[in-house]
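The values are calculated or read from the model by the stated rules, or taken from the named source; none is laboratory data. Please read all numbers here as calculations on a predicted model, not as lab measurements. All Cβ positions, even for glycine, are placed from backbone atoms using ideal geometry, and neighbour counts span all protein chains on display. Ligands, DNA and RNA are excluded from the accessible area calculation, which covers all protein heavy atoms including side chains. Shrake-Rupley method; radii C 1.70, N 1.55, O 1.52, S 1.80 Å.
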Amino acid sequence: MQQGTLMRKVKSKSWKKQRYFKLQEDCMTIWYQSKRTGKTESAFSISDVETVREGHQSEVLQSVAEEFPPERCFTIVFYGRRGNLDLIAGSAEEAQCWVQGLRQLIEPRSFPLTFALVSRTWIRDWFQKADKNKDGRMNFKEVQHLLKMMNVDMNEDHALRLFQDADKSESGTLEGEEFVLFYKALTQREEVLSLFQEFSEDGKKLTLLELVDFLQQQQLEDEGTEELAMELIDKYEPSETARARHVLSADGFLMYLCSPEGSIFNPQHRALWQDMSQPLCHYFISSSHNTYLIEDQICGQSSIEGYIRALKRGCRCLEVDCWDGPNGEPMVYHGHTFTSKIPFREVVSTLGKYAFKVRHLSPGAGGRGWSLVGEDTCAEGSWLCWPPAVQDPRGQGPWRCWVAQGASLSPTPQELKHKILLKGKKIGRLEDTLDGPGDEALDMSDDDNGAEAEEERRRAKVRGTQHGSALQKDKETLAQALSDCVIYCKNMPFRGFQEARSHSRPSEISSLSEAKARKLIRDEGNEFVRHNAWQLTRIYPSGMRTDSSNYSPQEMWNVGCQIVALNFQTAGMEMDLCDGLFSQNGCCGYVLKPPFMRDKETLFNPSDPSSREGPGPITLTIQVISGQQLPKVANSKEGAIIDPLVRVEIYGVPADQAHQETKYIENNGFNPRWDETLQFQLHVPELALIRFVVEDYDKTSRNDFVGQFTLAFANIKPGYRHIHLLSKDGTSIPPSSLFVHIRITE
């Protein structure tokens, strides 16, 4: 890794300033200073860096592409909503040195994190922060300051006793391993140790059979427990001697409980675990609204960063609003507002790079406001899903969708893997496209398709000239090339469930405002669920949400709405629910709806839980035991220590909506202990999401947010579990966690 490298920091085409960048000796901090003044301008921690992108992979660097080659350019991307850092190195070699060096530094934090690694990183971070005079050792005064920084309000005598016990050299300072000893004494987990000793005969180790007993009795592991116990010992026991004897020490036991296997989230559900061969309408689909915006809806910035962030977050339905631009080049922005604009081609290029980077299936893309000239340009992609049995007019591309003869007009995510669908207007029906002459035309002679064609002719008679005039209007305002790109998601106005049953097709989709959807939920809940069992529905935020705020997606999911579009750029409970639902199933952005929501004749109505077929209510019991190393509240006063409480929130059908909270613990964010039990009854657990929220109690004003974790009830693992907290932006904040005991009874 180069140190003290002179590079250009770029904010715009006209703002390029030279700065010295240097990696600190701790290998965890990078600072940069002005070349002209020599004054340190800023610094950031390696732990804040999410990824590094090479080349012109930001609007800023694309704007200087003619001036600087891609080999010298790179972008440092931070977690959350912190702006990217765009840099231009003096040479391609220098750029590669920084890119590869940064990647090596952030690589160890890839999931799953080991408890030991997180602890080591955490210790090193705190040592660097507390070592005021940078002499590589800490005196007792610096330790006292450290405790305040770590959210600990400790009695001075007790702190001095821990300090002296760790000071093996009796030098009056702590350095190296002495600080590690002090840290271990500080982080002693009495609640975990007592649990360990409950199952250990000698109180020092768990034999293989004792560990099996714990896994079966407390963790409710019922299959292959002896093999699992062996795996856990091999994976988490730090002592080679203990591993050879097939026993687990107290340290190994703690490492297991803090691992993915000890998490509240079922690790088997992190992978793709659901059936992906059902029609699209049988899935909840992660969806964004005005994806290009990264700020508000009126004057906010449009950026390809919005697409990158949404796709990396698992979003599968993106919105692309295209409007006329100079020289017939379509531009993407929020029409009739003052938002900035980005070229359509840049959006398409970004989709090409990021649409399928994570294990994903087919994203949808919506568009509106295109002129005839712009539409022809928009239709020139080689990444579209083309209709079954229609000759692709532009040659086969890597993301083309070809469907066999006689294929269903309700395709599955598995069939559409690595394909892109366009949602938009279409001239006529999909069947009209398929009915023309040619060797590849669908065979309509079989009974099902013949009956379908006859039914469509009957519909045409009912609609009469209305259909013809609408078709003529479509032809006058819509480019044929773009119309041909719209296959399975033809936009149709919603005129009621009866009208939809009589005249709509599974390949069509309606978009409803949140207010319209709420009215339908209130008045025709069961009809709404039945409708969503065979056709896609998209819900979008109210136009009054100019600040890019969000509505609760839960009430829309309760009736089976698949495409519930949210403003991904706005943090809060609504996006926590979205991330919580779609963090399962390989983060592919598709979650299979429960069986009673996939039946077109279902009796289910979310306002009446008894209408759900299946077993009765279940009881969820959560014992909130303790917290570990909770973060300070942002922008809090120096020396301030939080008073944490835990609130558990249930989101689901109206009868299941509930929340309960613990008491607050005064002045302890480091290792608070609650030992409180909360209990909930769930009538429709298949739709329930559980949100754990930690707040800093304030008796005079609103509590401050500390951290949260949200997951679907279906993904909960019972037993003694750790909950690894996330920030307001949904990013990890290791090693902050809660320790709980979960029981589920019928």
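Length gained on full extension, residue 501 to residue 158, computed as 0.36 nm times the residue gap minus the Cα-Cα distance: 116.2 nm. Rounded to whole numbers, the Karplus 3J(HN,Hα) couplings from phi for the range 507-519 are 7, 9, 9, 10, 10, 10, 6, 4, 5, 5, 5, 4, 5 Hz, using 6.51 cos²θ - 1.76 cosθ + 1.60 with θ = phi - 60°, and x at Gly and Pro.
The residues of the range 5-106 present an accessible area of 47 Å² per residue when probed at 1.4 Å with all protein chains retained. The alpha-carbon atoms of the range 660-718 define a convex hull whose volume equals 123 cubic angstrom per residue. Each peptide among 231-237, 281-287 gets the average number of other Cβ atoms lying within 10 Å of its residues, and from highest to lowest they stand as 281-287, 231-237.
If you take all other residues with their beta carbon under 11 Å from the beta carbon of residue 301, and give Lys and Arg +1 and Asp and Glu -1, the sum is -3.
Spin-label model, residue 45 to residue 519: label points 7 Å out along the Cα-to-beta-carbon direction sit 5.0 nm apart.
Per residue, the range 652-746 exposes 42 Å² of solvent-accessible protein surface, assessed with a 1.4 angstrom probe and all protein chains in place.
Pairwise Cα distances in the range 618-745 exceed 17 Å in 55 percent of cases. Normalised by the number of residues in the range 5-106, the average gap of Cα pairs under 8 Å and 6 or more apart makes the relative contact order 25 percent.
Given axes a ≥ b ≥ c from the Cα gyration tensor, I'd like to know whether the range 5-106 is rounded (a/c under 1.5), prolate (a/b larger than b/c) or oblate. It comes out rounded by the Cα gyration axes.
On the range 671-746, 42 percent of the accessible area sits on carbon and sulfur atoms, based on a 1.4 Å probe. Model label points for residue 223 and residue 701, set 7 angstrom from Cα along the Cα-to-Cβ axis, are 5.2 nm apart.
Which of the three applies to the range 177-291, rounded, prolate or oblate, going by the alpha-carbon gyration tensor with a ≥ b ≥ c and a/c under 1.5 meaning rounded? Note, shape of the range 177-291 comes out prolate.
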